[in-house]
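S.K.: Here it is, the structure in full.
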Amino acid sequence: MRLHPAEWIRESAGYMKEKNKTGNWLLNAVYPRRCPICDGLLSREELYLCRNCVEKIHPILGARCKKCGKPVGSEEEFCRDCSRTRHSFDRGFAPYGYHGELEASLMRFKYHERQEYAGFYAHAAFFYVGKQIQRRNPEVLVPVPLHPARQRQRGYNQAEVFAEKLAEEMELPMNARLIRRVKKTKRQKELGPAERRKNLEGAFALAKPGQMKYCRILLVDDIYTTGSTVDALSLITSPSPRDRTRSRMPSSA
Ligand SMILES: [Zn+2]
Ligand SMILES: [Zn+2]
């Protein structure tokens with residue numbers, strides 16, 4: 001289902017009422033909720049976004065890359081990255097492109113303690129791409145791990161915070177201990193596609209080598225760019241090339 005943001009907010013209102021019959025008012029009083037787009041406080045009637053921000057972010061409603069889910073032109077089957085790269089994962093899903101307002105929101109989510117935004121990201125992801133993901137029948141959600149040193153420094157792993165909320169929406173388990181990040185890598189943002197792949201060589205390992213109990217894993221990250229992180233994870237979690245993992249994120253850059 002692809003709805004305009006304003007319609008989505010209306011649809012979500014009924015859903016939220018049902019889901020949060022108990023406790024929500026109290027929670028709102030103790031921890032005032034913030035709009036993930038402008039960071040302003042939300043009123044009790046505003047569920048995920050404030051009124052002013054509903055129109056500011058745009059879900060991917062048009063054509064998507066058949067591999068990674070990024071927006072593409074109506075004539076294109078694959079995005080530029082996917083037409084040049086052979087990915088190890090099966091399919092990617094993202095509800096939003098990585099544009100200005102959402103980019104700022106994700107930066108606060110990632111670096112400035114705004115873990116609370118995860119509720120909005122997860123609900124939007126579930127609403128816009130949940131059905132497509134469910135069709136692939138994932139058994140478990142696995143967040144992209146941070147290196148322990150980086151996680152200590154930041155205090156949390158934003159992909160895990162997001163995956164936890166998404167697992168609730170999808171009523172599936174999350175396993176944040178399946179994979180470990182064993183190498184401190186450079187920030188991918190500053191690197192080109194080839195350097196990104198090199199940077200991630202040997203970066204991840206199974207926490208219990210040789211013991212993979214899942215066939216269909218939904219890998220969860222906050223931002224998808226060229227797919228090198230998801231590829232590196234798919235390679236170590238897949239039992240065979242026939243059972244490659246899926247990925248999805250709230251935003252694809
Ligand atoms: Zn707002
Ligand atoms: Zn693509």
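The values are calculated or read from the model by the stated rules, or taken from the named source; none is laboratory data. The shown structure was predicted, so the numbers you read here are calculated from the model rather than taken from an experiment. Every residue, glycine as well, gets a Cβ built from its backbone with ideal geometry; the counts of neighbours run over all protein chains shown.
S.K.: Take the range 188-242 and flag every residue that is more than 20 Å from residue 90 (Cα to Cα), modelled with pLDDT under 85 and of a type in the set (Gly, Ala, Ser).
M.R.: Selection gives 192, 194, 210.
S.K.: How many residues does the range 55-105 hold that are closer than 22 Å to residue 219 by Cα, among the hydroxyl-bearing types (Ser, Thr, Tyr) and more than 16 Å from the chain's Cα centre (by Cα)?
M.R.: So the count comes out to 3.
S.K.: Then there's this: Being of a type in the set (S, T, N, Q) and either in a helix (DSSP H, G or I) or more than 20 Å from the chain's Cα centre (by Cα) (or both) is the filter here; which residues of the range 170-216 pass it?
M.R.: Our first condition is that a residue be of a type in the set (S, T, N, Q); within the range 170-216, this holds for 175, 185, 188, 199, 211.
Within the range 170-216, 185, 188, 199, 211 meet the criteria.
S.K.: Also: May I ask you to list the residues in the range 29-42 that are surrounded by fewer than 17 Cβ atoms within 10 Å (Cβ to Cβ), in a loop (DSSP other than H, G, I, E, B) and within 11 Å of ligand 1 (Cβ to nearest atom)? Write out each step before concluding.
M.R.: The first filter runs over the range 29-42 and keeps only residues surrounded by fewer than 17 Cβ atoms within 10 Å (Cβ to Cβ), leaving 29-32, 38-41.
Subset that is in a loop (DSSP other than H, G, I, E, B): 31-32, 38-40.
Hits for the range 29-42 are 38, 39, 40.
S.K.: Scan the range 43-75 for residues that are away from ligand 2 (no atom under 15 Å from the Cβ) and either crowded, with 18+ Cβ neighbours inside 10 Å or touching a residue at least 60 places away in the same chain (Cβ under 8 Å) (or both) and report the count.
M.R.: Selection size over the range 43-75: 9.
S.K.: Any idea which residue in the range 76-114 is nearest to ligand 2 (Cβ to nearest atom), counting only those that are small (Gly, Ala, Ser) and part of a loop (DSSP other than H, G, I, E, B)?
M.R.: Result: 94.
S.K.: Does at least one position in the range 122-145 carry a residue that is within 18 Å of residue 31 (Cβ to Cβ), part of a helix (DSSP H, G or I) and of a type in the set (A, V, I, L, M, F, W, C)?
M.R.: The answer is yes, given that some residue of the range 122-145 is within 18 Å of residue 31 (Cβ to Cβ), part of a helix (DSSP H, G or I) and of a type in the set (A, V, I, L, M, F, W, C).
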